[in-house]
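**Q** I am attaching a structure below and will ask some questions about it afterwards.
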Amino acid sequence: STAQIGVTGLAVMGRNLARNFARNGYTVALHNRTAARTHDLVAEFGEEGIFVPTETAEEFVAALERPRRLVIMVKAGAATDAVIGEFAPLLEPGDMIVDGGNAHFADTRRREKELREQGIHFVGTGVSGGEEGALHGPSIMPGGSVESYAALGPMLEKISAKAKDGAPCVTHVGPDGAGHFVKMVHNGIEYADMQLIGEAYQLLRDVGGYTPAQIADVFRTWNTGRLDSYLIEITAEVLSHVDAATDRPFVDIVQDRAEQKGTGRWTVQIALDLGVPVSGIAEAVFARSLSGHADLRAASGELAGPRPEPIADTERADFADHVEQALYASKIVSYTQGFHEIAAGSAEYDWDIDLGAVARIWRGGCIIRAAFLDRITAAYEADPGLVSLLSDKGFAEEIAAAQNDWRSVVSTAVTEGVPTPGFAAALAYYDTLRAERLPAALTQGQRDFFGAHTYRRVDREGSFHTLWGGDRSEVEA
Ligand code: NDP
């Protein structure tokens with residue numbers, strides 16, 4: 001037994017993670033259900049480091065030094081349970097199973113509890129950065145026990161991405177499912193970021209009158225400022241790409257029906273359960289879903305409404321600046337909502353998650369990596385008890401400066417008939433928080449009228465009910 005770590009599941013992610021460990025000097029045991037993948041890896045990349053290829057579960061476990069560190073990188077769901085079922089009986093107390101797949105955090109909690117009874121540490125770990133990240137340094141979000149992090153942390157820190165200041169993009173997020181929960185919300189925020197970028201693009205195109213190649217340049221400029229991020233950078237790449245077969249902009253030859261694998265949907269489902277309003281993320285999930293309803297869209301082609309008219313050339317640059325403000329302000333709101341969900345999950349499951357540390361490990365390696373995350377880290381470091389990112393003085397000031405343009409962009413979009421559910425939902429969230437009085441008072445009245453659900457008064461303690469069907473006098477409930 002010579003391997004410091006083992007990886008089972010050697011498809012794109014597992015194979016690159018295994019190579020990343022090996023390139024960092026670790027001896028890596030390899031295993032895959034179909035042994036051909038194991039041998040292919042060694043044949044192709046064997047010279048990158050020291051690999052110990054194995055074919056059976058017994059050989060794999062025997063190759064690992066104790067306490068064993070075993071990484072599972074298989075299809076999330078039933079496959080993960082099957083692999084755990086195969087390996088757990090071969091392990092001993094103190095051994096660690098790291099699940100790096102996109103598991104649902106509730107499954108991770110269940111698996112952690114079951115394995116804990118056998119003395120095995122189960123470490124549900126979010127891994128972000130795709131295939132390239134897995135090889136060159138992902139952002140890593142491990143849950144599980146403190147003891148397991150003591151044994152795994154140094155290795156994970158070595159293979160993780162490093163932020164610009166050199167800090168590794170990994171931290172012990174919290175017990176049991178905390179890591180997979182945070183990965184889930186990361187993906188929800190990713191959906192929101194992509195939707196907001198999509199809305200900015202559509203407005204620049206339909207109202208700004210820019211071509212895709214010109215919009216790519218606008219995004220490149222934005223990428224040198226406060227929106228500096230991986231997603232803005234790749235957006236410029238996609239927009240400037242020209243389809244070789246037709247010589248048309250690539251973005252015009254792709255079917256406009258977005259797909260999804262489900263982590264965004266989970267983020268919204270769990271937010272509903274926790275009572276956290278993640279309207280921006282929800283709109284992003286719905287927007288992908290609606291884009292895919294070809295039947296509804298085909299049946300609605302004749303619906304009345306404006307066709308956007310491009311503005312005058314002289315107004316374009318100003319309009320692009322306004323869109324940048326709208327995008328930035330909306331982005332602050334979607335991160336506010338995502339961090340609220342993490343705080344609520346942490347409270348519900350006693351995870352004690354450090355929100356500043358979460359922002360810190362998202363600064364490199366992951367899909368939502370952005371200069372902006374330095375600001376979020378700083379906001380939580382300045383006030384670890386910050387109730388909402390929007391109440392951070394710096395963010396509040398930036399939104400204050402952006403809001404006129406944000407409002408004008410949303411009203412232009414409405415007037416011109418360009419759908420901007422992300423910008424508009426973010427603005428509505430912001431205005432809801434600012435409002436002195438909300439129509440929720442009327443909602444409470446309606447509920448009391450039809451269901452005797454009672455209400456609270458602004459001027460006295462207690463619950464009250466009005467006798468709506470009688471003399472309309474008020475009784476204390
Ligand atoms: P896939 O999700 O495509 O899974 C393929 C791997 O799972 C293969 O090694 C396959 O073995 C194995 N497998 C499937 N079913 C079983 C089973 N019943 N028993 C044993 N092994 C099984 O691979 P990816 O590399 O794309 O992803 C791995 C994990 O990482 C997934 O959970 C994914 O959600 C997550 N992830 C993926 C990212 C990405 O960008 N792709 C990013 C971040 C996380 P075999 O070769 O024998 O078929």
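The values are calculated or read from the model by the stated rules, or taken from the named source; none is laboratory data. Treat the numbers as computed from the prediction; the structure is a model and nothing was measured. Here the Cβ is made from the backbone with ideal geometry for all residues, glycine too, and neighbour counts use every protein chain on show. Protein only, heavy atoms only, side chains kept; ligands, DNA and RNA dropped before computing areas. Shrake-Rupley method; radii C 1.70, N 1.55, O 1.52, S 1.80 Å.
**Q** Can you tell me which residue in the range 24-47 is nearest to the ligand (Cβ to nearest atom), limited to those that are within 14 Å of ARG68 (Cβ to Cβ) and crowded, with 24+ Cβ neighbours inside 10 Å?
**A** This residue is HIS31.
**Q** Still on this structure, please answer the following. Return only the number of the condition from (1) closer than 13 Å to VAL7 by Cα; (2) away from the ligand (no atom under 16 Å from the Cβ); (3) touching a residue at least 60 places away in the same chain (Cβ under 8 Å); (4) within 34 Å of the chain's Cα centre (by Cα) that PHE21 does not satisfy.
**A** Just one mismatch for PHE21, condition (2).
Listed here are the residues, each with its yes/no results for (1) at negative phi; (2) modelled with pLDDT under 95; (3) not charged (D, E, K, R).
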residue	(1), (2), (3)
ALA329	yes, no, yes
ARG360	yes, no, no
ARG363	yes, no, no
ILE367	yes, no, yes
GLY417	no, no, yes
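**Q** Is it fair to say GLU58 is of a type in the set (Asp, Glu), in contact (Cβ under 8 Å) with a residue 24 or more places away in the chain and loosely packed, with under 15 Cβ neighbours inside 10 Å?
**A** Yes.
**Q** Here's something else I'd like to know. On the given criteria, is ARG110 free of Cβ contacts under 8 Å to residues at least 40 places away in the same chain, under 19 Å from VAL74 (Cα atoms), away from the ligand (no atom under 16 Å from the Cβ) and of a type in the set (Lys, Arg)?
**A** Against the criterion (free of Cβ contacts under 8 Å to residues at least 40 places away in the same chain, under 19 Å from VAL74 (Cα atoms), away from the ligand (no atom under 16 Å from the Cβ) and of a type in the set (Lys, Arg)), ARG110 qualifies.
**Q** Can you name every residue in the range 89-103 that is open to solvent by 40 Å² or more (accessible area, probe 1.4 Å) and assigned to a loop (DSSP other than H, G, I, E, B)?
**A** Answer for the range 89-103, where residues must be open to solvent by 40 Å² or more (accessible area, probe 1.4 Å) and assigned to a loop (DSSP other than H, G, I, E, B): GLU92, PRO93, ASN102.
**Q** Taking the residues in the range 259-277 that are assigned to a helix (DSSP H, G or I) and among the charged types (D, E, K, R) as candidates, determine which candidate is farthest from the ligand (Cβ to nearest atom).
**A** So the residue we want is ASP273.
**Q** Let me ask something additional. Which ones in the range 47-98 are out of contact with any Leu (no Cβ under 7 Å at 6 or more places or on another chain) and of a type in the set (Phe, Trp, Tyr)?
**A** PHE60
**Q** Inside the range 161-206, can you point out the residues that are β-branched (Val, Ile, Thr) and assigned to a helix (DSSP H, G or I)?
**A** Correct list: VAL182, VAL185, ILE189, ILE197.
**Q** Touching a residue at least 24 places away in the same chain (Cβ under 8 Å) and either more than 16 Å from the ligand (Cβ to nearest atom) or closer than 15 Å to GLY100 by Cβ (or both): is that true of ALA134 in this structure? Steps first, please.
**A** Values: touching a residue at least 24 places away in the same chain (Cβ under 8 Å): yes; either more than 16 Å from the ligand (Cβ to nearest atom) or closer than 15 Å to GLY100 by Cβ (or both): yes.
Taking the combined requirement at face value, the residue satisfies it.
**Q** Among the residues of the range 331-384, write down those that are open to solvent by less than 70 Å² (accessible area, probe 1.4 Å), charged (D, E, K, R) and closer than 23 Å to THR108 by Cα.
**A** Answer for the range 331-384, where residues must be open to solvent by less than 70 Å² (accessible area, probe 1.4 Å), charged (D, E, K, R) and closer than 23 Å to THR108 by Cα: just GLU341.
**Q** If you don't mind, another one. For the range 170-178, indicate whether the set of residues that are closer than 23 Å to GLU341 by Cβ and hydroxyl-bearing (Ser, Thr, Tyr) is non-empty.
**A** Among the residues of the range 170-178, at least one is closer than 23 Å to GLU341 by Cβ and hydroxyl-bearing (Ser, Thr, Tyr), which makes the answer yes.
**Q** What residue, among those in the range 66-88 that are more than 10 Å from the ligand (Cβ to nearest atom) and among the basic types (Lys, Arg), is most open to solvent (accessible area, probe 1.4 Å)?
**A** ARG66
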